[in-house]
Amino acid sequence: MPLIVIETTIHAPLELCFDLARDVDAHAESAAFSSERIVEPGRTRGLLEQGDLVAFEGRHFGIRQRFVARITELDRPSRFVDEMVHGAFKRLRHIHEFERVGNATLMRDIIEWQAPCGFIGGLADALFLRRHMAWFVSTKQRALKEIAERRSQISKDDDFTSHLS
């Protein structure tokens, strides 16, 4: 099965990064570049918890697609896993890992999938699917990094001004 690993260093607290990654609203904001949106069934607001369903709808390769995943593991603040229950893939598993590195957080996404259609799916993987998946996850990670660092800075600014009072 194809596998990609994408890592991003975020200058924000571990817990903030973890919670943003499972925040449905932050997901929608970080995926805005793809016109992906949160739809039913499943959680449409707030933090995802183990057992929750979440559904996304967006246009990939010119085709409107719906992807429904279930949170199958959650160990705050270090790891959670979502697995596709409905969508274009035969199988897709997305592991989200978070690790404190000095004053920063290392966010790691590990995605493994099995494309539909046997040989044709393997050909699609080789030609464009792996590249598209890496681009999509990297772009989402950069957006989540910006959100986390912005919120972390706002929090620091609030702490600073409260000490001045």
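The values are calculated or read from the model by the stated rules, or taken from the named source; none is laboratory data. Keep in mind that this is a model prediction, so the values were computed, not measured. Every residue, glycine among them, receives a Cβ derived from its backbone with ideal geometry; neighbour counts consider all protein chains shown. In case anyone asks, the SASA skips ligands and DNA or RNA and just uses the protein heavy atoms, side chains included. Shrake-Rupley method; radii C 1.70, N 1.55, O 1.52, S 1.80 Å.
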### Query
Please state the relative contact order of the chain as a whole percent: Cα pairs under 8 Å, 6+ residues apart?
27 percent
### Message
Counting only protein heavy atoms and a 1.4 Å probe, tell me what percentage of segment 1-137's accessible area is made up of carbon and sulfur.
### Response
55 percent
### Message
With n ≥ 4 as the cut-off for DSSP H runs, can you work out [θ] at 222 nm for the chain, using -39500 (n - 2.57) per run divided by the number of residues, rounded to the nearest 500?
### Response
-11000 deg cm²/dmol
### Exposed-loop-free span, longest in the chain, where trypsin sites (Lys or Arg not before Pro) count as exposed if DSSP calls them loop and at most 16 other C-beta atoms lie within 10 Å
91-165
### Message
Run the simple label-point estimate for Lys90 and Arg151 please: 7 Å along Cα→C-beta, distance reported in nm.
### Response
3.7 nm
### Task
Evaluate E = 1/(1 + (r/R0)^6) for Asp75 and Val101, where r is the Cβ-Cβ distance and R0 equals 25 Å; express this FRET efficiency to the nearest 0.05.
0.85
### Task
Return one whole number: the accessible area per residue of the chain in Å², for a 1.4 Å probe.
55 Å²
### Message
What is the angle, in °, between the Cα long axis of helix 130-164 and the longest principal axis of the Cα atoms in the chain? Nearest 10 is fine, range 0 to 90.
### Response
10 degrees
